[in-house]
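Here's the structure we're looking at; comments come further down.
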Amino acid sequence: MGLASVKFTGLGSMGGELASEIRHWRNAPHVAARMFSAEAIGEAEHAAFIEKIRSDPNRQLYVFHIGGAPKGVLQYELDPRSSRVAMGYYLKDEGDMFSSYGVFAKFLFIERAFLVMGAHKVFGETLGSNAKVRALHERFGYALEGVLRQHVRARPGAAGAMGCAAGAGGAAGAGDAAGAAWGIGSAVGAGDVAGTAGASGAAGAIGGAAGADAAEGAGAFEDVCQYGLLRSEWLSGQSREDIGAAVRAFIAPYRLEDVFVD
């Protein structure tokens with residue numbers, strides 16, 4: 001099998017039908033469950049969200065295609081004064097949960113942020129219960145920089161740790177099989193599903209989570225974990241070398257300037 005092509009299509013190059021289709025991907029249960037708000041996004045809300053990004057030169061939303069097929073959504077917001085970029089992503093198909101597509105997208109965007117955009121820092125937020133994504137951040141060399149304690153309502157039936165200091169690095173589960181396939185390790189797999197909820201918002205709406213009538217106790221809320229990665233850490237770290245080798249073993253040779261089409 002040959003190496004796969006990769007392309008990130010931004011809103012400026014995206015047809016209206018594809019831009020509208022994103023709403024259905026965002027509302028899929030496997031994605032919504034890992035967002036700060038699990039409530040369904042309506043057509044008017046989604047249209048307003050897309051227009052807001054289109055009108056802001058410091059924001060962009062991409063659909064990323066691997067091997068010619070759309071695999072997910074990646075969004076970022078740049079703070080030009082601080083040279084800081086918030087990013088997040090999710091995969092459109094639940095069947096890709098145990099793939100490494102999100103790892104490829106995350107790697108390529110981090111490379112672009114530091115090498116093309118000149119960012120000083122990339123950061124994001126994720127739910128305390130999303131151990132796979134927290135482990136993935138750590139695998140990429142991110143540092144846990146802050147914890148917003150009991151910040152959002154926990155989803156009904158949510159299982160596992162709700163806090164940010166519960167040892168995410170050991171949480172691999174079924175994702176190990178996919179990680180081993182690309183030499184990336186235990187942080188792949190189901191963590192690909194939502195990436196970082198903070199920058200994706202409703203394809204945003206960071207509003208009240210489900211279960212607003214739940215009893216107010218420690219078990220009714222979960223933390224939001226804040227992770228950051230500095231340019232110097234990425235360029236000199238082992239994570240870039242290890243993950244980059246795995247990405248290049250699957251993705252066809254590329255130039256970052258050609259991969260991202262705004």
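The values are calculated or read from the model by the stated rules, or taken from the named source; none is laboratory data. All values reported here derive from a predicted model rather than from experimental measurement. Glycine gets a Cβ as well: all are built from the backbone with ideal geometry, and neighbour counts include every protein chain shown.
Answer yes or no as to whether V103 is surrounded by fewer than 24 Cβ atoms within 10 Å (Cβ to Cβ), of a type in the set (V, I, T) and either farther than 27 Å from G163 by Cβ or under 15 Å from the mean Cα position of the chain (by Cα) (or both). So V103 fails the test. Here the condition is being closer than 28 Å to A154 by Cβ and modelled with pLDDT of 95 or more; of E77, E94, E39, it holds for E77 alone. Residue count for the stretch 71-96, restricted to those that are hydroxyl-bearing (S, T, Y), buried (at least 21 other Cβ atoms within 10 Å of the Cβ) and part of a loop (DSSP other than H, G, I, E, B): 0.
Remark: pairs (first residue in the stretch 236-248, touching a residue at least 40 places away in the same chain (Cβ under 8 Å) and basic (K, R); second residue part of a helix (DSSP H, G or I) and surrounded by 13 or more Cβ atoms within 10 Å (Cβ to Cβ); Cβ separation under 7 Å; 6+ apart in sequence or on different chains) = R240/W234. Has the stretch 13-24 got any residue that is out of contact with any strand residue (DSSP E or B) (no Cβ under 7 Å at 6 or more places or on another chain), of a type outside the set (A, V, I, L, M) and in contact (Cβ under 8 Å) with a residue 60 or more places away in the chain? Taking every residue of the stretch 13-24 in turn, at least one turns out to be out of contact with any strand residue (DSSP E or B) (no Cβ under 7 Å at 6 or more places or on another chain), of a type outside the set (A, V, I, L, M) and in contact (Cβ under 8 Å) with a residue 60 or more places away in the chain. Pairs linking a residue in the stretch 66-89 that is within 12 Å of A113 (Cα to Cα) to a residue that is of a type in the set (V, I, T) and crowded, with 22+ Cβ neighbours inside 10 Å, with Cβ atoms under 7 Å and 6 or more positions apart or on different chains, are Y76/V85; L78/V85; V85/V122; M87/V122; M87/T196.
Could you tell me which of the residues I41, I22 is in a helix (DSSP H, G or I), β-branched (V, I, T), buried (at least 19 other Cβ atoms within 10 Å of the Cβ) and at negative phi? Give the derivation first.
Details: I41 fails: in a helix (DSSP H, G or I).
Checking each option against the conditions leaves just I22.
Among residues of the stretch 102-118 that are assigned to a helix (DSSP H, G or I) and of a type in the set (S, T, N, Q), none has a Cβ under 6 angstrom from a residue that is modelled with pLDDT under 95 and surrounded by fewer than 23 Cβ atoms within 10 Å (Cβ to Cβ) at a sequence gap of 6+ or on a separate chain.
One line per residue, one yes/no per condition, for (1) of a type in the set (S, T, Y); (2) within 30 Å of R54 (Cβ to Cβ):
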position	(1), (2)
E222	no, no
Q226	no, yes
R231	no, yes
S236	yes, no
E241	no, no
A246	no, no
F250	no, no
R255	no, yes
F260	no, yes
